[in-house]
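Readers should treat all values here as calculations from the given coordinates under stated rules, not as data from a laboratory. Everything numeric here is computed off the predicted structure, so don't read it as measured data. All Cβ positions, even for glycine, are placed from backbone atoms using ideal geometry, and neighbour counts span all protein chains on display.
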């Protein structure tokens, strides 16, 4: 089921671009830009034995984004929300795939607001229908499980089937303690690039970003997926599976910003926000900062690219 974009609200300090915030600029332009698409789903989390509540994620993310200041003229759009009805996850995933494909073909950068991590299969399949992309997943888990139906633990196994020999998957932030040997073996067999949470935590944020960039030297398009459970539980308590260790927020921020600055981002999805467990809304606020940083870096890159093209 699809629901139109809701009315946005937020702090208002006055009119004009000098006071611009997300809520005041959303859907004020028809030009290609960053296009938010909600996916209100937690059926995949339920199937995977997690704690449900991620279906409320898109609404919480919009609320957290609303008052963030905007310092550029890059268009920001809200394309509405796809809602999983009952247990029919598969139909909802197809609807998301169709809408992501439409947004990509229209020249937008889709930023999909989950929802459980079943979001990534739906969004990634939509992009794959237009062009291939290397997948970068910032996550404590591989999400390469084999199952007889889609769950929040299967999205990248499903995308491996979509891409076949062209499957290019890197996952940064993996918790060795929370992934079985079977999953590590599956990752090895699929040629997955793996960076552990301990490895990222042992280097600086700048070095972590460089590590991510080095995995993508030969790709033209990037699908960035951020599962918020990659962050420490103290920073992101409102997720389906809080991390015992996690990767520092500054490292995740630096990686996301660096990937956006390449100009190669074709799709972003943010997964596993669970507002039911989000103390003081801190996880939603953290996710909103990541989304804002990605949109801003992508806007800067787009502006520089357009300037170069005119000279």
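General remarks:
- Value of relative contact order over the chain, rounded to a whole percent, pairs C-alpha under 8 Å and six or more apart: 20 percent
- Cβ crowding within 10 Å ranks 240, 120 as 240, 120, fewest other Cβ atoms first.
- Stretchable slack from residue 30 to residue 7, in nm (0.36 nm times residue separation minus alpha-carbon distance): 6.6 nm
- Under the shape rule built on the C-alpha gyration tensor, where the axes satisfy a ≥ b ≥ c, the range 22-129 is oblate, since a/c reaches at least 1.5 while a/b does not exceed b/c.
- Only helices enter this figure: runs of n ≥ 4 DSSP H residues, each worth -39500 (n - 2.57), summed and divided by the residues of the chain, yield -11500 deg cm²/dmol at 222 nm to the nearest 500.
- Matching label, mean projected area of the Cα convex hull in nm² computed from the structure shown, candidates [x] 23.8; [y] 15.4; [z] 18.1: [y]
- Reference-scaled alpha-carbon Rg (2.2 N^0.38 Å with N residues) for the range 102-187: 1.10
- Compared with the alpha-carbon gap, the fully stretched path from residue 98 to residue 176 is longer by 24.6 nm at 0.36 nm per residue.
- Gaussian network model of the chain, springs between alpha carbon atoms under 10 Å - residue of 292, 139, 269 with greatest fluctuation: 292
- The order of the peptides 212-219, 30-37, 154-161 by mean Cβ neighbours within 10 Å, most packed first, is 154-161, 30-37, 212-219.
- Arranged from fewest to most other beta-carbon atoms within 10 Å of their beta carbon, 25, 96 become 25, 96.
- Packing order of peptides 1-9, 38-46, highest average first: 38-46, 1-9 (average count of other Cβ atoms within 10 Å over each peptide's residues).
- Three-way shape label, the range 184-311, alpha-carbon gyration tensor, a/c 1.5: oblate
- Per-residue Cβ neighbour counts within 10 Å put 302, 29, 152 in the sequence 29, 302, 152, beginning with the fewest.
- Taking every Cα-Cα distance in the range 253-301 and sorting them into 10 Å bins starting at zero, the pair-distance distribution P(r) comes out as 26, 47, 22, 5 percent.
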